[in-house]
Amino acid sequence: MSSRPAAGGGRWVEVDPTRITRWVEGFADRHGPPTTTALGYGLLLTAPDGATAELHTPPGARPAPDLPAFAGAVAAPRRLGLLLARKGAVAVGVADGTELVTSKVDTRYVQGRTAAGGWSQQRFARRRDNQARAALGDAADLAVRLLLPAAGTLAALVCGGDRRAVDTVLADRRLAPLAALRAERLLDVPEPRHAVLVAAVAAARAVHILVR
C-alpha cells in the first residue's frame, strides 16, 4: 500500500485489490461503520465522524453496487494492455491477471539537452526532436506488433510515463482500437525497463482511494 497527499486536502491511497476488504474494515475501526453509495467512479464510503473514502474502480474492472461486489470485481483476473513511454524508451505488454504474459522493451538513443547557445543549441534541439519523433514512431510500430493483435481480448489499456509521448504513440491511426480502450489512469513510472513494466501490472490493478 502506498499513500500520497491529494490536491485540495486528504490523501490518495493505493491498495492491492485482494486487501480492499481488510482496508475498509480498518477504515470502519478508525471512523465508525460507514454508509456505502455507488457512484460513477466506484463507491463512496461516509463514516459517522464525517470521514469519507472514495474507492475508484481500477481499469478494466466492472462497476459494482456494494462493497462485496466491488471487492470481487477488482480482485477478478482480467487482461490488461500496458503501454509505458518516454522519449527514447517504450515498454509494452499484456497482463493476464497479475502475470505479465507478453512484453517487449525498446530503447533508442535520444540526445540529451545541451547548454550551448546560438545556432549550435538550435541544431542540437532539432536533432534531439528528430530523434524523439523517430523513437516514438518505433514505439507505435512495436504497439502495432505486440498489442494490437490482443486488442479484442483486453479489458483496458493502461498507459504510463510521459503523457505527451503516450499521446503521440496512440495518435497513430493503426492504434485506434487500442486508443479506444485507454483508461484514464496514467502510471507515474521512470524510464521504461522490463522491471518497470512488471511493477506496472500491480500499479494498473491497484484500487485508488481518496481519503478525507
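Things worth noting here:
- Positions within the range 35-77 being of a type in the set (V, I, T) and under 22 Å from G97 (Cα atoms), in sequence order: T57, V74
- Complete set of residues in the range 169-204 that are farther than 10 Å from L84 by Cα, open to solvent by 60 Å² or more (accessible area, probe 1.4 Å), outside any helix (DSSP H, G or I) and touching a helix residue (DSSP H, G or I) at 6+ places or on another chain (Cβ under 9 Å): A171, A180, R182
- Within the range 51-69, residues that are open to solvent by less than 30 Å² (accessible area, probe 1.4 Å) have Cβ atoms under 7 Å from residues that are hydroxyl-bearing (S, T, Y) in no pair, counting only partners at least 6 apart in sequence or on another chain.
- Checked against the criterion of being β-branched (V, I, T) and farther than 23 Å from E54 by Cβ, the candidates V169, V207, V211 yield just one match: V169.
- A38 passes every criterion in (1) open to solvent by 10 Å² or more (accessible area, probe 1.4 Å); (2) part of a helix (DSSP H, G or I) apart from (2).
- Some residue of the range 86-98 being among the small types (G, A, S) and open to solvent by 30 Å² or more (accessible area, probe 1.4 Å): no
The values are calculated or read from the model by the stated rules, or taken from the named source; none is laboratory data. Note that the structure is predicted; figures quoted are calculated from it, not measured. Every residue, glycine as well, gets a Cβ built from its backbone with ideal geometry; the counts of neighbours run over all protein chains shown. Surface areas here come from the heavy atoms of the whole protein model, side chains and all, with no ligands, DNA or RNA. Shrake-Rupley method; radii C 1.70, N 1.55, O 1.52, S 1.80 Å.
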